[in-house]
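The values are calculated or read from the model by the stated rules, or taken from the named source; none is laboratory data. Note that the structure is predicted; figures quoted are calculated from it, not measured. Virtual Cβ from ideal backbone geometry, glycine too; neighbours counted across all protein chains shown. For the accessible areas, the whole protein counts, side chains as well, though only heavy atoms, and no ligand, DNA or RNA atoms are used. Shrake-Rupley method; radii C 1.70, N 1.55, O 1.52, S 1.80 Å.
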Amino acid sequence: MNLRIGTSGWNYPSGKGTWNGLFYPASRSKKAGTKDFDELRFYAEHFDTVEVNSTFYGQPREEVTRGWAQRTPDGFEFSMKLYQKFTHPKMFKEAALRTAPGSEGPLLDLLATVTQSDIDDYRRGIEPLATQGKLGALLAQFPPSFKDSPASRAYLEQLVRAFSGYPIAVELRHKSWSDAIGETLSLLNELGAAFVQIDEPKFRMSIRQNYLPNVTTFYYMRLHGRNAAAWWRHEKSEDRYNYLYSAGELREFSDIAGAAQALVKKSYLYTNNHFASKSVVNAVMLKAQLGQPIEGEYPPELIARYPEIGDLIGPPKEAAPTVPVRSRVE
């Protein structure tokens, strides 16, 4: 299928919004001689793509991505978020200060400057996925503070060209980019980059979009949820993504994604409202609305929490009866 539907991330082990006890077992086997539950393998039984968020917080490592490739079936694809140093220099500096307090100043500014070595490290880290044909798109997600300006356009062009050879999806969130939509699309089209279409709470300075594809190579959509009350003010960052789309709200996006299939070679649709497995539930609902098969078994705990998917998935498979083995007496 040229339309892949999945969630943003697969590992949410802690907090009130954990997936443990809903999509994954509440406890994991630690007995000697048994294998621990593998979240990625289980996830890949249900979806054919995932958006990796962990590479935003640290450069991807070859040994890790090689393991991902080995633990997923043929045809599975990983879309990878770019390291925060490439898109969020302020956040990168704040993280550096937490690990090395008192290091602010020219040295920190120099450390936050993107170098060819940074680009090479990222490329090297994702190479196992690319080699195995399991690399989807690279996601360059810029913060709302990244406004349209000559300097911003120059940096955006430089970054996309630095990752030439890979499909690049660019997420812009400040309204200045949609205020100058003609120039924005011209730049992205020239670079062959997909303009990420996002659904999120809209504020005065939020970007406006029409959800249409801008290039024919691929289409990229992300659904962040609509929890406006907790978007900027929240106790935990996970609270921002505590939102479940209704079937009616999702219909708009399934219709758009379905229509986009006729215009592009490949589409990616990711649900990022990950609190308490709500992204899983909405991804299942989107697959159903688009007529895609609902694969894998879903835990009864998830269905009990979200009866919306009860009629969309088949009943759990019964274990095969145990047949006693009779010893043969000569």
With every protein chain in place, what's the accessible area of Glu157 (1.4 Å probe, Å², nearest 10)?
60
Here, Tyr57 and Thr113, labelled 7 Å along Cα→Cβ, have an inter-label distance in nm of 2.9
Could you give the nm distance between label points at Ala259 and Met91, where each point is 7 Å from its Cα heading toward the beta carbon?
3.1
Do the sum for the chain: with -39,500 (n - 2.57) for every DSSP H run of n ≥ 4, divided by all residues, what is the mean residue ellipticity at 222 nm, to the nearest 500 deg cm²/dmol?
-10000 deg cm²/dmol
So how tilted is helix 247-260 from the main axis of the chain? Cα-based, degrees 0 to 90, rounded to 10.
70
If each residue of separation counts as 0.36 nm, what is the full-extension length gain between Glu183 and Glu297 once their alpha-carbon separation is subtracted?
36.4 nm
With a sphere of radius 14 Å drawn around the Cβ of Ala180, what net charge do the other residues whose Cβ falls strictly inside it have (Lys, Arg +1; Asp, Glu -1)?
+1
Using all C-alpha to C-alpha distances in the chain, build P(r) with 10 Å bins and read off the rounded percent in each one.
5, 23, 33, 25, 9, 3, 1, 1, 0
I'd like the projected area of region 136-208, averaged over all directions, using the convex hull of its alpha carbons. Report it in nm² with one decimal.
4.7
With all protein chains present, region 157-296 has a carbon and sulfur share of its accessible area (1.4 Å probe) in percent of 51
Using Cα pairs under 8 angstrom and six or more residues apart, how large is the relative contact order of the chain, in percent?
20
Mind checking the log10 I(q)/I(0) for region 177-236 at q = 0.15, 0.22 Å⁻¹? Debye, one equal scatterer per Cα, no solvent, two decimals.
-0.54, -0.92
Can you figure out the FRET efficiency of Arg153 with Arg41, using R₀ = 56 Å and their beta-carbon distance, to the nearest 0.05?
0.85
Which distance in nm do the two modelled labels at Ser246 and Arg233 give, with both placed 7 Å along the Cα-to-Cβ direction?
2.6
Give the percent of DSSP beta bridges with both residues in the chain that are antiparallel, rounded to the nearest 5.
5
18 Å Cα-Cα threshold exceeded, pairs from Lys81/Lys287; Lys175/Lys265; Lys175/Lys202; Lys134/Lys266:
Lys81/Lys287; Lys175/Lys265
Per residue, how much accessible area does the chain show when a 1.4 Å probe rolls over the protein heavy atoms, in square angstrom?
50
